Amino acid sequence: MSGKYGSIAVVVTSDSVYRGEKEDRVTLLVRGFAERNGLNLAYAAVVPNDAKRIEEAVLEAVERAGVVFVTGGTGVSPHDITVDVVERLASKELPGFGERHRMVSYEKIGPRALLSRATAFIVRGSFVAVTPGNPDAVKTAIDIVEGFLGHLIEQLQGRKH
């Protein structure tokens with residue numbers, strides 16, 4: 001599959017990764033997801049926790065890919081703004097993704113999972129999953145999306161299933 005709906009993108013929002021203080025382990029996970037599913041990793045960016053930079057990166061990602069993972073900034077701290085930025089760009093929210101993410105995470109880490117605002121949206125015709133930046137949380141998100149990927153792509157293209 002080629003074009004937007006044959007492509008994946010990732011936007012990592014993290015001040016410490018952006019400054020080079022921490023390694024970006026998320027992009028590698030998303031690249032593996034793309035390869036396993038015969039998709040192209042069309043865009044990858046690391047941005048600081050800055051609303052304008054997050055918005056620019058997400059808009060670039062949805063132009064290039066039908067499925068986008070945006071990681072980091074999903075908690076309750078004052079710096080956790082990613083969900084709010086993506087929500088302003090969205091035409092639809094898909095709360096079931098976040099509900100499932102919290103359920104799976106609760107089994108792994110307990111009540112702390114309930115502080116996550118993980119969710120998913122449709123932005124300019126692309127599915128955008130917003131997840132915590134922890135690599136294990138991103139893996140959880142990938143596993144969830146992998147379960148409905150084919151159906152998702154058909155739906156995004158307007159094909160009936």
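Brief remarks follow.
- Sequence-separation-based contact order of the range 4-156, relative, with Cα cut under 8 Å and 6+ spacing, percent: 26 percent
- Panel values: the range 1-88, Kirkwood radius from alpha carbon pairs, Stokes-Einstein at 37 °C and 0.692 mPa s, translational diffusion coefficient 250 µm²/s.
- Net charge of Cβ neighbours under 15 Å - reference residue 42; Lys, Arg +1; Asp, Glu -1: +1
- Cut-off 11 Å between beta-carbons: net charge of the residues surrounding residue 79, Lys and Arg +1, Asp and Glu -1: -3
- Amide hydrogen proximity for residue 44: with H placed 1.01 Å from N in the peptide plane, the residues at 5 or more positions away or on another chain lying under 5 Å are 10.
We did not get these values from a lab; they are worked out from the coordinates using the rules stated. These numbers come from a predicted model, not from an experiment. Glycine gets a Cβ as well: all are built from the backbone with ideal geometry, and neighbour counts include every protein chain shown.
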